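Data first, discussion second: the structure below is written as structure tokens.
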Amino acid sequence: MSATRKNRHIPRIVLLSLIILVLIVSIILFYVTQRSNPQGVTGTTPSPEDPMTDIPFRKQGELFFISQQNRDTLAMIDIEVADNDQLRARGLMYRRTLPENGGMLFIQDMEEIQSFWMKNTYIPLDILFVNTAKKIVTIQANTTPLKEWNYASTEPALYVVEVNAGFTTRHAIRSGDGIEFVIAK
């Protein structure tokens, strides 16, 4: 084979090598992207659905847990308030953090059996269901993040309070205890 004929094959070999290299890099980038973004969210503007975005906590009031035995304050938390359909539907979903003494107060439209799930919720929570008399009727402690099963109240509830998992144990909060809250205007 002549030297001229060999040289004609070199550009084809280089081109083929570049194509293979681009394919390998593309496959690696695809897998790295999928691992860091398992939900497949794309775009440059952060959104609440982006698993890498943390929605900041916004203090809108304070909530006090009151002992049923002696009316002493067991604990106090800063709260965000979910008092409309959109806020209640979103709740603490897509959050990566919640302040240790922070939580969310859900104010429902009517007192009835309430049911919450942990889909798209990354933080393990204690969920407290509270009736119109502001008495805790059910505590669902240490819920499992990202699960679609329901955590329900055992009695009708008008309010629901979500706090970090273990909070109720650390502060000896039990069914029968009460809540009081103040919402900033």
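The values are calculated or read from the model by the stated rules, or taken from the named source; none is laboratory data. Note that the structure is predicted; figures quoted are calculated from it, not measured. A quick note on method: Cβ atoms are made from the backbone with ideal geometry, for glycine too, and the neighbour counts reach across all protein chains shown.
Please indicate, with yes or no, whether at least one residue in the stretch 62-76 is surrounded by 13 or more Cβ atoms within 10 Å (Cβ to Cβ), modelled with pLDDT under 75, assigned to a loop (DSSP other than H, G, I, E, B) and of a type in the set (Ser, Thr, Tyr).
no
If the requirement is being surrounded by fewer than 19 Cβ atoms within 10 Å (Cβ to Cβ), β-branched (Val, Ile, Thr) and under 22 Å from residue 57 (Cβ atoms), which of these qualifies: 97, 143?
From the options 97, 143, the qualifying one is 97.
Going by what's in this entry, would residue 168 be described as surrounded by fewer than 21 Cβ atoms within 10 Å (Cβ to Cβ) and either modelled with pLDDT of 95 or more or out of contact with any strand residue (DSSP E or B) (no Cβ under 7 Å at 6 or more places or on another chain) (or both)?
Spelling it out, it is not the case that residue 168 is surrounded by fewer than 21 Cβ atoms within 10 Å (Cβ to Cβ) and either modelled with pLDDT of 95 or more or out of contact with any strand residue (DSSP E or B) (no Cβ under 7 Å at 6 or more places or on another chain) (or both).
Among the candidates 135, 185, 147, single out the residue that is out of contact with any Pro (no Cβ under 8 Å at 6 or more places or on another chain) and closer than 13 Å to residue 66 by Cβ.
The conditions single out 135.
Which one of 120, 131, 150 is modelled with pLDDT under 95, surrounded by fewer than 20 Cβ atoms within 10 Å (Cβ to Cβ) and in contact with a strand residue (DSSP E or B) (Cβ under 6 Å, 6 or more places away or on another chain)?
150
Between 19, 24, 55, which is assigned to a loop (DSSP other than H, G, I, E, B) and modelled with pLDDT of 70 or more?
Matching residue, one of 19, 24, 55: 55.
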